[in-house]
Amino acid sequence: MRKFWLAITVFFILSVIYFIVYVNSLSLQTLVNTSSAWGSLHIAADCGLFGGGFALILHFINKLRHP
């Protein structure tokens, strides 16, 4: 089960890095807006950011409740 949470954490961190680069790079923003493949990557990173963050918060709350 540890590998599962490690994978979620890594995916979450990668999506955070992606969005930091995306916000600061006009060329990446243009690429995402013009290409459906890069748009799909953007959607996957978005799911990783919100879904991973939500899952990690719930996991942390569970760890606090059941040490």
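What the table shows:
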| read-out | value |
| --- | --- |
| Unmet requirement for D46, which otherwise passes all of (1) surrounded by 14 or more Cβ atoms within 10 Å (Cβ to Cβ); (2) in contact (Cβ under 8 Å) with a residue 12 or more places away in the chain | (1) |
| Candidate set: region 33-58, residues that are assigned to a helix (DSSP H, G or I) and more than 16 Å from the chain's Cα centre (by Cα); chosen: the one farthest from M1 (Cα to Cα) | T34 |
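Let's see how each residue does on (1) at pLDDT 95 or above; (2) touching an Asp or Glu at 6+ places or on another chain (Cβ under 9 Å); (3) on the phi < 0 side of the Ramachandran plot; (4) loosely packed, with under 12 Cβ neighbours inside 10 Å:
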site	(1), (2), (3), (4)
W5	no, no, yes, no
I8	no, no, yes, no
N24	yes, no, yes, yes
Q29	no, no, yes, no
N33	no, no, yes, yes
F60	no, no, yes, yes
R65	no, no, yes, yes
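The values are calculated or read from the model by the stated rules, or taken from the named source; none is laboratory data. Here the structure is a predicted model, which means the values were calculated and not measured. So basically every Cβ, Gly included, is an ideal-geometry build from the backbone, and we count neighbours across all protein chains shown.
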